[in-house]
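Visitor: Here it is: the structure, laid out below.
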Amino acid sequence: SVLPVKDKIYIGSYRRFCSYDVKSKKYRDLNFLFDGKGLPGAISLAYDGYQNIWIGSREGLFIYHIPGDTLIPIYPGLINGFVMALKKLQNDKMFVGTNNEAFIIDLARGDVNNYRIKIFNHLNGFMGQEIAQNAVFLDRTDTLWIPSATC
């Protein structure tokens, strides 16, 4: 994943999370932020407009707060395993796709400890599994397309 935010470009892979400063032309390894939080890696990246980069990793969902240079786990225990897809949606929402389910997180409160969340899985009709990595997209009618291994 590659995500430009202001004067930096954030780069993620299965093993790394780093940034590139366009002005100074220097890379910065950000894997140290995962210390004690599991395996590093940034499979998918999304910017929320609140100075946060959402990171889908092999061990769940995290937010990198740019000004504080901190990494915060989001809903550990609920959002587990591979987070393959992230997409900022209309009306201040974030789509999160994992191996087995999808989530819509309401960012309106702007407080990482109080996000409202909706879960979509086989219990309520969402049959997609292994959501395609970084392939979720919105078309011009604001329809969210979610490709997966099963549909």
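The values are calculated or read from the model by the stated rules, or taken from the named source; none is laboratory data. None of the values given here were measured: they were computed from a predicted structure. Please note: Cβ atoms are built from the backbone with ideal geometry, for glycine as well, and neighbour counts cover all protein chains shown. The area values use the complete protein model at the heavy-atom level, side chains included, leaving out ligands, DNA and RNA. Shrake-Rupley method; radii C 1.70, N 1.55, O 1.52, S 1.80 Å.
Visitor: Can you give the accessible area per residue of the range 51-103, in Å², using a 1.4 Å probe?
Guide: With all protein chains present, the range 51-103 gives 37 Å² per residue.
Visitor: Right, next: With a 1.4 Å probe and every protein chain left in place, work out the accessible area per residue of the range 1-42 in Å², rounded to a whole number.
Guide: Value returned for the range 1-42: 65 Å² of accessible area per residue.
Visitor: Taking amide H positions as placed 1.01 Å from N in the peptide plane, with prolines and chain starts having none, which residues 5 or more places from Ala46, or on another chain, fall under 5 Å of its amide H?
Guide: Trp54
Visitor: Leaving out ligands, DNA and RNA, what percent of the accessible area of the chain is carbon and sulfur, probe 1.4 Å?
Guide: Numbers: 4310 of 8210 Å².
Result for the chain: 53 percent of the exposed heavy-atom area is carbon or sulfur.
Visitor: Here is a follow-up. I need the phi-derived Karplus couplings for the range 86-101: 6.51 cos²θ - 1.76 cosθ + 1.60, θ = phi - 60°, integer Hz, Gly and Pro marked x.
Guide: Whole-Hz 3J(HN,Hα) from phi for the range 86-101: 10, 8, 6, 10, 4, 6, 6, 10, 10, 8, 10, x, 10, 5, 10, 7.
Visitor: Let me ask something else. Taking amide H positions as placed 1.01 Å from N in the peptide plane, with prolines and chain starts having none, which residues 5 or more places from Leu89, or on another chain, fall under 5 Å of its amide H?
Guide: For Leu89, the qualifying residues are Met94, Phe95.
Visitor: Which chymotrypsin sites (Phe, Trp or Tyr not before Pro) in the range 1-106 sit in a loop by DSSP (not H, G, I, E or B) and have at most 13 other Cβ atoms within 10 Å of their own Cβ?
Guide: Passing sites in the range 1-106 are Tyr14, Tyr50.
Visitor: Quote the convex hull volume per residue of the chain, based on C-alpha atoms, as a whole number of Å³.
Guide: 115
Visitor: Could you list which residues have their amide H under 5 Å from that of Asn100, counting only those 5 or more apart in sequence or on another chain, with H placed in the peptide plane?
Guide: Glu130
Visitor: Taking 8 Å as the Cα distance limit and 6 or more residues as the minimum spacing, I'd like the relative contact order of the chain as a percentage.
Guide: 13
Visitor: If the reach is capped at under 30 angstrom between alpha carbons, list the lysines near Lys25, excluding any in the same chain fewer than eight residues apart.
Guide: Lys6, Lys8, Lys37, Lys87, Lys88
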